[in-house]
Amino acid sequence: MLIARGGVTSHAAVTTAQLGKICVVNCKHLIVLEGEKTCTINNNEFKTGDKIAIDAYLGNIYKGNHAIELEQISYIE
């Protein structure tokens, strides 16, 4: 989920985390035109159904469908 305003404790961020989904909040370059069912991010226009990839860790958004790369995490006991 992309959110134009809000922080890590916003309703959208908390709800998506509870659902096990990702969320990027405070995306200042996101402009949503609800009536036209389009949005722009840094002058790149997207229409309903367009594919994007979201890196919630870095807060980056990419055009198109990209493979998921999982990183191995070492736990300290």
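No value in this document is a laboratory result; all are computed from the given coordinates. Owing to the predicted nature of the structure, the values given are computational and were not obtained by experimental measurement. Virtual Cβ from ideal backbone geometry, glycine too; neighbours counted across all protein chains shown.
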Fill in the blank from the handout: Here the residues within region 1-43 that are basic (K, R), closer than 20 Å to Y57 by Cβ and either in contact with a strand residue (DSSP E or B) (Cβ under 6 Å, 6 or more places away or on another chain) or surrounded by 10 or more Cβ atoms within 10 Å (Cβ to Cβ) (or both) are K21
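Here is a yes/no grid of residues against (1) under 14 Å from the mean Cα position of the chain (by Cα); (2) aliphatic (A, V, I, L, M); (3) assigned to a loop (DSSP other than H, G, I, E, B):
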| position | (1), (2), (3) |
| --- | --- |
| G6 | yes, no, yes |
| T9 | no, no, yes |
| T16 | yes, no, no |
| K21 | yes, no, yes |
| K28 | yes, no, yes |
| I31 | yes, yes, no |
| T40 | yes, no, no |
| F46 | yes, no, no |
| D50 | yes, no, yes |
